[in-house]
Amino acid sequence: MKLIHSTAATLLALLLTLFIPLAIAGPGHDHGDTAPQATSSALPRFTAVSEDLELVGIVNGKLITLYLDRFKDNSPVNDAQIEIDIAGSKYQAQKHADGEYEVTLKEPLKPGVMAITATINAGELIDLLATELDLHADADAPGIRDAWKAIAMWIGAGLLALIALGAIVRFRHQARRA
């Protein structure tokens, strides 16, 4: 009788543990008063800083948007000549707005770590900024996040079946002895 109670308690504990992930509310089911937040993936970025300047680049396919400002007061640098070297290819940036420049690449950047060097000529100020861009392939494709739940449920069901099978074998073995 003691064996039946301990086995039943173990099975119940395992069963409750396996179903805990199902009790967590998913997106759209939280019933909170807050407005839903927009979700999107961030575009790859790089920054390069010197004593005088700060350059931020945002990569969007073949287009790189550059933001250039003064490091001390964060004011935009207008009318600068920017030559950018990305992984051995040189490009001349075109002014787009105040402190904003654009570079159009010949082809999209490939995943990996690449060196970026920017030569900036803004009036009397000439500066060389260097940095690296670590660009990776999108490893978090849609559906992968939820796949672990299905796998965990199948593993849990298999473990539950094995425990039940072990309990049945044990009961039969004890019944034969008695």
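LEU125 - would you say it is of a type in the set (A, V, I, L, M), outside the structural domain of LEU12 (by TED's automatic domain parsing) and over 20 Å from PHE46 (Cα atoms)?
Yes; evaluated as a whole, the condition is true for this residue.
Cβ-Cβ distance below 7 Å, separation of 6 or more or different chains: which pairs start in segment 111-122 with a residue that is more than 15 Å from ASP85 (Cα to Cα) and end on one that is surrounded by 14 or more Cβ atoms within 10 Å (Cβ to Cβ) and small (Gly, Ala, Ser)?
So the pair list comes out as ALA122/ALA80.
Between a first residue in segment 124-147 that is under 19 Å from LEU109 (Cα atoms) and part of a strand (DSSP E or B) and a second residue that is modelled with pLDDT under 90 and among the acidic types (Asp, Glu), which pairs have beta carbons less than 6 Å apart while being 6 or more apart in sequence or on different chains?
The qualifying pairs do not exist here.
If I filter segment 46-67 for residues that are acidic (Asp, Glu), outside any strand (DSSP E or B) and either at positive phi or surrounded by 11 or more Cβ atoms within 10 Å (Cβ to Cβ) (or both), do I get at least one hit?
Looking through segment 46-67, at least one residue is acidic (Asp, Glu), outside any strand (DSSP E or B) and either at positive phi or surrounded by 11 or more Cβ atoms within 10 Å (Cβ to Cβ) (or both).
Output the residues belonging to segment 84-132 that are surrounded by 14 or more Cβ atoms within 10 Å (Cβ to Cβ) and out of contact with any strand residue (DSSP E or B) (no Cβ under 7 Å at 6 or more places or on another chain).
Within segment 84-132, ALA122 is the sole residue that qualifies.
Can you name every residue in segment 68-114 that is closer than 21 Å to ASP52 by Cα, of a type in the set (A, V, I, L, M) and part of a strand (DSSP E or B)?
LEU68, ILE82, ILE84, ALA97, listed by residue number.
The values are calculated or read from the model by the stated rules, or taken from the named source; none is laboratory data. Just so you know, these numbers come straight off a predicted model, no measurement behind them. So basically every Cβ, Gly included, is an ideal-geometry build from the backbone, and we count neighbours across all protein chains shown.
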